[in-house]
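Read through the structure below, which is laid out as structure tokens, and then see the notes.
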Amino acid sequence: MSDQLQEFMDIPRDFIKDGSQFLARCTKPDRSEFMKISQAVGVGFLVMGAVGFLIKLIHIPVNNILVGGA
């Protein structure tokens with residue numbers, strides 16, 4: 001019983017220890033790293049927007065043909 005209680009108490013302790021180690025390793029990005037991340041996100045937005053637009057562009061006419069414009 002004591003071993004189970006000890007294991008149960010170790011879970012939050014390990015979580016706090018791992019979290020503090022993670023935060024200690026985190027650094028604020030410098031300007032060039034921030035720009036690279038921003039560009040990657042921007043390109044992702046553009047690509048996903050273009051894909052969505054093309055799907056919508058193809059889907060609406062095909063749907064009208066299949067349904068009969070009802």
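Things worth noting here:
- Among the residues of segment 19-70, those identified as outside any helix (DSSP H, G or I) and either surrounded by 10 or more Cβ atoms within 10 Å (Cβ to Cβ) or not hydrophobic (A, V, I, L, M, F, W, C) (or both) are T27, K28, P29, D30, G68, G69.
- Test: residue in segment 6-17 that is among the basic types (K, R) and surrounded by 10 or more Cβ atoms within 10 Å (Cβ to Cβ): yes
Bear in mind these aren't lab numbers, they're just calculated from the coordinates by the rules spelled out. Since the structure is predicted, the reported quantities are computational estimates derived from the model, not experimental observations. For neighbour counting, all protein chains shown are included, and Cβ atoms are generated from backbone atoms with ideal geometry for every residue, glycine included.
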